[in-house]
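We did not get these values from a lab; they are worked out from the coordinates using the rules stated. Please read these numbers as outputs of a predicted model, since none were measured by experiment. Virtual Cβ from ideal backbone geometry, glycine too; neighbours counted across all protein chains shown.
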Amino acid sequence: MRLARSFPDHTISREALEARYEKAIKGDDFGERYYIIEEKSSRQPIGWASLDIHRWTRRATGADIGLAIGEKDRWKQGYGTEVVRLLLDEAFEQLNLHRLTLWTFAENEASLALAKKMGFKEEGRTRESFFFDNQYHDNVILGLLRDEYDAWVSPLRRPGRSALKRGRS
């Protein structure tokens with residue numbers, strides 16, 4: 001398993017990491033929201049998700065989302081789709097944000113496919129902006145605006161439709 005693939009040279013002590021998550025759990029920082037992804041049947045943690053609200057404006061209007069499923073045997077089982085759907089609902093329905101941004105590596109085909117399935121559009125690329133595995137990698141930036149989200153989910157809010165089917169329309 002490779003955790004923190006995006007920041008291999010950035011290390012943090014266990015104490016500092018626990019303090020960061022404790023602060024997030026208490027709700028002391030509006031801008032950083034961290035979640036543990038649990039398998040429903042066993043309640044075992046299988047990954048993490050985050051919503052990092054942009055704070056460079058007076059009003060919270062956007063956020064970066066992120067997620068990782070740790071073990072390969074848990075991939076392609078719908079966890080990512082469900083987690084992104086929940087993050088979209090929180091960001092747009094509860095927090096009334098205007099836009100979300102998702103960053104991923106150009107070779108991460110699964111993340112790119114998931115983002116596009118959930119309505120994100122590619123907005124740009126930073127060339128050779130991350131170094132890991134002894135080489136540079138491009139980073140792809142994808143975005144989703146509130147009106148795109150509304151247009152995407154509006155037909156799916158009819159009674160009798162499962163919320164999990166949103167990504168399949």
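Descriptive notes on the structure:
- Taking label points 7 Å from Cα along the Cα-to-Cβ direction, Glu82 and Lys23 give a separation of 3.1 nm.
- Model label points for Ala16 and Trp152, set 7 angstrom from Cα along the Cα-to-Cβ axis, are 3.4 nm apart.
- Applying 0.36 nm per residue to the separation of Glu39 and Lys117 and subtracting their alpha-carbon distance, the gain on full extension is 25.9 nm.
- Under 5 Å from the amide H of Glu39 lie the amide H atoms of Gln44, Ile46, each residue being 5 or more positions distant or on a separate chain, with H modelled from the backbone and absent for Pro and chain starts.
- For the pair Ala110 and Glu71, the difference between a 0.36 nm per residue extended length and the Cα-Cα distance amounts to 12.6 nm.
- Label point distance in nm, Glu93-Arg125, each placed 7 Å from Cα along Cα→Cβ: 3.5
- The H on the amide N of Phe105, modeled in the peptide plane, is under 5 Å from the matching H of Val140, each at least 5 residues off or on a different chain.
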